Amino acid sequence: MLEKIGIFLCLMLFSTNLWAETLEPSLAGTWYPGSKKDLENMLSKFFNNVELGKNKDIVPLGIISPHAGLAYSGSIAAYGYSLLKNGNFDTVIIIATSHRYNAGKVSIYSGDKVKSPIGTSEVDKEIAQKLIAANPDFEFISQVFTGGENSFETQLPFVQYQLPDAQIVPIMTATTDYSLLDDLADELISILERTDQKIAIVASSDMSHFHPYKETVSMDQHTIDLVLSMDIDGLKKEVQRGKCELCGFHSVYPFMKVMKHFGADKPVMLAYQNSADITSAKYSSHIVGYSSIVFPESESGIQKKDSDSEQGVYSKEEMKYLLDLARKSITYYLENGKRFQPKQPEYEKLKEERAVFVTLNEYGNLRGCIGHMHAQMPLYKAVSEMAVSAAYEDPRSPKVKEKELKDIDIEISVLTPMKQITVWEQIRMGIDGVWIKKGWRSGVFLPQVAIDTGWDRVTFLENLCAHKAGLQKDAYKDPSTEIYIYQVEKFSEEELD
């Protein structure tokens, strides 16, 4: 594989710096200025000319943004990107579409950083790895991002200019398979429902290509009308019929599904122009349309759609209570040689019977982990019991010593009830924990194992079978093997600090 990558890079005039795990720019100096100063001056001019009026305070959940050379579409793109500062976003997910490759895949950049003349941004590797682990057709394909592909690269400088500290998740759709695009939307929804990060999503797309001026304007207006009405199926049909044109439709399609799910279903048209408007060449037959459309977040923002979903949501105070109880229980056992008997808390949710695991980590290494797969006692009691067991009864690790306590991070994973499945492909990496059972042998992995290891579904299940359950590595395919899934709400001392 490395030999193939090396040959590929040698043949290219521009490249992805895979060794440094940084996605380097390939269009700087052609599609946009190659120096930081010149590019910042160009972007500053674009943003200074934006007039939003009553829309200036919109907090976007997402934007559709054009991706032509910045001299053509940059002034339009600036409208949507000017609103990013309203949201104080931690991460921006950029969904773009490959113009050159139909690999039947969704390519997700899994390196460490992405770069433009503006600067270098960190990749949100946690989200990227969750996506890659979720579907065998989600993977990093280097040539999809390189070779002069503009649909992602032209978006990055705008994000960096507005949000210099934001992390980036670069996604390139290289498929026309709508079922795979539906899977992408579903996985993004699952991730966004379970994160505390403030996230915005960008869909990269130009509009109609190479029609006379009046036809360009008419076709683009029809497309815009369908987008603003959130008629995803109608837009899909019109694109397939050639009545609408969006070169990035395979980005816009999953993007709009995510927007609709989170109630960002009242998009606002911010700006439209085409290349003839910009160059005053209205008699040209090579006209391209550009639009900037914002999808304002709903009043509840980008959060779980149901605060009482099956996974359960604990307040910060409830989580802190449980973490403090776990530490107090370990300390009490160390000092007294017997288990702590906690009093009933005032929090009603913590009195419910729940299955729970308590994990101890020391400098990022596992120090102990014990839990129950099925609810056996009230949650607060279970946390106290499992904390002591993780510290002193995990056969894989020596007993915790007093001098270690200050260096140990306590993590609690509260489990939902088990659900048996018959199709192992239903397992969602990074979301579902798995308990596998055949005869008297069984093994369990928490959902975070997939995130920590970066394993795909098959590797995850093979390791679970062989190394946790003591079964043949492909035992998960045996119809007599029982497979159960569950979800967790995970929180730790480090996360709450």
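Once both labels are positioned 7 Å from their Cα atoms along Cα-to-Cβ, the gap between residue 165 and residue 240 label points is 4.6 nm. Accessible area per residue for the chain is 46 Å², calculated with a 1.4 Å probe on protein heavy atoms, without ligands, DNA or RNA.
DSSP beta bridges fully contained in the stretch 78-222 are about 35 percent antiparallel. Using a simple spin-label model with pseudo-atoms 7 Å out from Cα toward Cβ, residue 214 and residue 338 lie 9.4 nm apart. Residue-normalised convex hull volume from the C-alpha trace of the stretch 355-497: 113 Å³ per residue.
Close Lys pairs in the stretch 23-121 (alpha-carbon distance under 19 Å; sequence gap of 8 or more, or different chains): 9. The protection proxy used here, the mean number of other Cβ atoms lying within 10 Å of each residue, ranks peptides 231-239, 66-74 as follows, highest first: 66-74, 231-239. Remark: the residue 49-residue 374 segment gains 111.0 nm on full extension, using 0.36 nm per residue and subtracting the alpha carbon distance. For the chain, adding -39500 (n - 2.57) for each run of n ≥ 4 DSSP H residues and dividing by the number of residues yields -10000 deg cm²/dmol at 222 nm.
Taking the 1.4 Å solvent-accessible surface of the chain as the whole, the part contributed by carbon and sulfur is 48%. Peptides 53-59, 439-445, 109-115, 94-100, ordered by how many other C-beta atoms sit within 10 Å of their residues on average, highest first, read 94-100, 109-115, 439-445, 53-59. All alpha carbon pair distances within the stretch 215-264 were sorted into 10 Å bins beginning at 0; the resulting P(r) in whole percents reads 26, 59, 14, 1. For the stretch 116-196, just say rounded, prolate or oblate: build the C-alpha gyration tensor, square-root its eigenvalues into a ≥ b ≥ c, call rounded for a/c under 1.5, and beyond that prolate if a/b exceeds b/c, oblate if not. Since a/c reaches 1.5 but b/c is at least a/b, the shape of the stretch 116-196 is classed as oblate.
Our estimate of slack between residue 22 and residue 233, defined as 0.36 nm per intervening residue step minus the Cα-Cα distance, is 72.2 nm. With R₀ fixed at 30 Å, the C-beta to C-beta distance from residue 399 to residue 122 puts the FRET efficiency at about 0.20.
Between residue 37 and residue 298, the modelled labels are 4.9 nm apart [label points 7 Å from Cα along Cα→Cβ].
Highest mean packing comes first when the peptides 128-138, 42-52, 448-458 are listed by Cβ atoms within 10 Å, giving 128-138, 448-458, 42-52. Axis of helix 232-241 versus longest Cα principal axis of the chain: the two differ by about 50°, to the nearest ten degrees.
Across the options 284, 166, 179, the greatest Cα extent toward the positive end of the charge dipole of the chain (unit charges at beta carbon of Lys, Arg, Asp, Glu) belongs to 179.
Starting from the Cα of residue 406, draw a straight line to each of the lysines and keep only those under 27 Å, dropping any in the same chain fewer than 8 residues away. Answer for residue 406, where 27 Å is the Cα cut-off: 316, 320, 328, 338, 343, 381, 490, listed by chain and number. Quick check: from the Cα gyration tensor, does the stretch 317-368 come out rounded (a/c under 1.5), prolate or oblate? Cα axes put the stretch 317-368 in the oblate bin.
Summing Cβ point charges (Lys, Arg +1; Asp, Glu -1) relative to the Cα centre of the chain gives a dipole of roughly 320 debye. Taking R0 as 56 Å, what's the FRET efficiency between residue 331 and residue 182 from their Cβ-Cβ distance, rounded to 0.05? For R0 = 56 Å, the calculated efficiency reads 0.65. Apply the a/c threshold of 1.5 to the C-alpha gyration tensor of the chain and tell me whether it is rounded, prolate or oblate. Taking the square roots of the gyration eigenvalues as a ≥ b ≥ c, the chain is prolate.
The values are calculated or read from the model by the stated rules, or taken from the named source; none is laboratory data. Computed from a prediction, not measured in an experiment: that's the story for all the values here. So basically every Cβ, Gly included, is an ideal-geometry build from the backbone, and we count neighbours across all protein chains shown. Side chains included, ligands, DNA and RNA excluded: accessible areas come from the protein's heavy atoms. Shrake-Rupley method; radii C 1.70, N 1.55, O 1.52, S 1.80 Å.
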